[in-house]
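The values are calculated or read from the model by the stated rules, or taken from the named source; none is laboratory data. Everything numeric in this text was worked out from a predicted model, so none of it was measured. Glycine also receives a Cβ, built like all others from the backbone with ideal geometry; neighbour counts cover every protein chain displayed.
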Amino acid sequence: MVVSRAEGRTVRRKQAMQEHGTPLLTKPVHCRVCTILIGSGYEESRPIPLTNGRGFVCRQCYESIRRQSARRAAEHHEQDLSVR
Ligand SMILES: [Zn+2]
């Protein structure tokens, strides 16, 4: 049986190639609340679109907004609305 040991040579840093010249479909966007950049390669990679089309927010801000609106709804209606 022949055991090939050439595998070690082909292991290279593939990450270096990806930083360069791969155009991404999604441009980085700013979070509307805390203004951090959201996009591929950034701290936040998934922008969450605001429901009213005003832009995008990061996940943390989205959850905070969701909490606020839930509280506001509860104050106005005094009902326990289920938040999706
Ligand atoms: Zn944010």
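Quick look at the values:
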read-out: Subset of segment 1-49 [among the hydrophobic types (A, V, I, L, M, F, W, C) and modelled with pLDDT of 90 or more]; value: V29, C31, V33, C34, I36, L37, I38, I48
read-out: Single residue of segment 50-84 satisfying the filter (in a loop (DSSP other than H, G, I, E, B), within 16 Å of the ligand (Cβ to nearest atom) and exposed (fewer than 15 other Cβ atoms within 10 Å of the Cβ)) that is modelled with the highest pLDDT; value: G55
